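Below is one structure; the comments refer to it alone.
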Amino acid sequence: MQIQILYFAQLADHAGKTEESRDIDYSSPAQLYHDLKEAYHFSHEFTQLQVAINHQLSAHETALKDGDSIAFLPPMTGG
Amino acid sequence: MTFQLTDSEISPSTLRRELLSLSAGGYCSYEGWVRDHNEGNAVAELHYSGYPQLSPAIAETILEEAKAKFHIEDAAIVHRIGLLTTGDIAVWVGVTAHHRGDTFLACRYIIDNVKHRLPIWKKEVYTDGSEAWIESNHCGCTDPTNLEHHH
């Protein structure tokens with residue numbers, strides 16, 4: 001299934017892009033992050049990040065569906 | 001109650017006027033400024049990056065929480081994104097209420113939660129040209145009654 005991945009902050013710098021589409025054959029955000037971490041050498045562990053699916057904060061174990069967007073969010077540092 | 005994510009300069013006097021109300025007895029605001037140093041490093045500028053599709057919902061939740069916890073009339077948050085230099089205003093919070101106590105408490109509650117929950121990230125660029133993403137906001141003072149906490 002096709003998943004749109006959005007990257008912010010450190011993750012965007014490491015990935016060298018702000019979004020991409022990936023074809024995956026599993027539904028786990030943790031597995032997806034594991035694969036992305038390997039590909040782009042992200043420094044954060046999955047548990048340090050919040051997950052937004054279709055622009056809504058979501059539980060880490062939420063199952064992804066075809067056409068979803070997902071963003072892995074580092075700790076916020078606004079202000 | 002309103003929230004804006006903007007790449008333009010923040011004008012507190014304009015924002016204050018938008019909160020003016022004859023039924024309010026007081027107004028409290030907070031401005032977060034870009035300072036010229038952090039943890040021993042000389043800061044030249046900050047890059048703020050946001051998530052515009054998510055931040056309005058988070059801001060609305062924070063404002064609703066403040067309204068539920070404190071006796072306030074109105075509140076607003078404006079956060080700037082993009083490239084900011086020292087002295088710029090990065091974030092503004094304004095609160096009105098019938099009485100002063102709730103304006104202070106609600107303003108503190110909102111800015112503390114903005115710093116930890118609003119999906120915005122900052123990268124510091126130092127005067128020597130190096131740069132670094134800030135990994136966390138160190139002050140964890142989310143308890144608005146904890147007014148003795150020193151930064």
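The values are calculated or read from the model by the stated rules, or taken from the named source; none is laboratory data. Predicted model only: the values in this text are computed from it and were never measured. FYI the Cβ positions are ideal-geometry reconstructions off the backbone, even for glycines, and counts take in every protein chain you see.
Observations, loosely collected:
- Single match in A:ALA52, A:ALA71 (criterion: within 12 Å of chain B (Cβ to nearest Cβ), part of a strand (DSSP E or B), in contact with a Leu (Cβ under 7 Å, 6 or more places away or on another chain) and free of Cβ contacts under 8 Å to residues at least 60 places away in the same chain): A:ALA52
- Cβ-Cβ under 9 Å pairs, at least 6 apart or on other chains, region A:1-18 side within 14 Å of A:ILE53 (Cα to Cα) and touching a residue at least 60 places away in the same chain (Cβ under 8 Å), far side among the β-branched types (Val, Ile, Thr) and part of a strand (DSSP E or B): A:ILE3/A:ILE70; A:GLN4/A:ILE70; A:ILE5/A:ILE70; A:LEU6/A:ILE70
- Checked against the criterion of being among the β-branched types (Val, Ile, Thr), under 18 Å from B:ILE134 (Cβ atoms), modelled with pLDDT of 95 or more and crowded, with 17+ Cβ neighbours inside 10 Å, region B:56-64 contains not a single residue that satisfies it.
- Within region B:84-130, if we keep just the residues that are surrounded by 18 or more Cβ atoms within 10 Å (Cβ to Cβ), of a type in the set (Gly, Ala, Ser) and more than 9 Å from chain A (Cβ to nearest Cβ), the residue that is farthest from B:GLU9 (Cα to Cα) turns out to be B:ALA97.
Rundown of residues vs (1) modelled with pLDDT of 95 or more; (2) within 13 Å of chain B (Cβ to nearest Cβ); (3) more than 12 Å from B:TYR51 (Cβ to Cβ); (4) surrounded by fewer than 18 Cβ atoms within 10 Å (Cβ to Cβ), yes/no style:
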position: A:LYS17; (1), (2), (3), (4): yes, no, yes, yes
position: A:GLU20; (1), (2), (3), (4): yes, no, yes, yes
position: A:SER28; (1), (2), (3), (4): yes, no, yes, yes
position: A:GLN48; (1), (2), (3), (4): yes, yes, yes, yes
position: A:ALA59; (1), (2), (3), (4): yes, no, yes, yes
position: A:THR62; (1), (2), (3), (4): yes, no, yes, yes
position: A:GLY78; (1), (2), (3), (4): yes, yes, no, no
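- All positions within region B:47-77 that are of a type in the set (Phe, Trp, Tyr) and under 18 Å from B:LEU5 (Cβ atoms): B:TYR48, B:TYR51
- Filter pass, A:ASP35 being at pLDDT 95 or above, in a loop (DSSP other than H, G, I, E, B) and over 18 Å from B:SER49 (Cα atoms): no
- Flag if A:GLN4 is within 14 Å of another protein chain (Cβ to nearest Cβ) and of a type in the set (S, T, N, Q): yes
- Conditions (1) within 14 Å of chain B (Cβ to nearest Cβ); (2) touching a strand residue (DSSP E or B) at 6+ places or on another chain (Cβ under 6 Å); number of the one not met by A:PHE42: (2)
- Look at (1) facing chain B (nearest Cβ under 9 Å); (2) surrounded by 20 or more Cβ atoms within 10 Å (Cβ to Cβ); (3) among the hydrophobic types (A, V, I, L, M, F, W, C) and you find that A:ALA12 fails only one, number (2).
- Within region A:6-32, tally of residues that are under 22 Å from B:TYR48 (Cβ atoms) and either of a type in the set (Val, Ile, Thr) or assigned to a loop (DSSP other than H, G, I, E, B) (or both): 5
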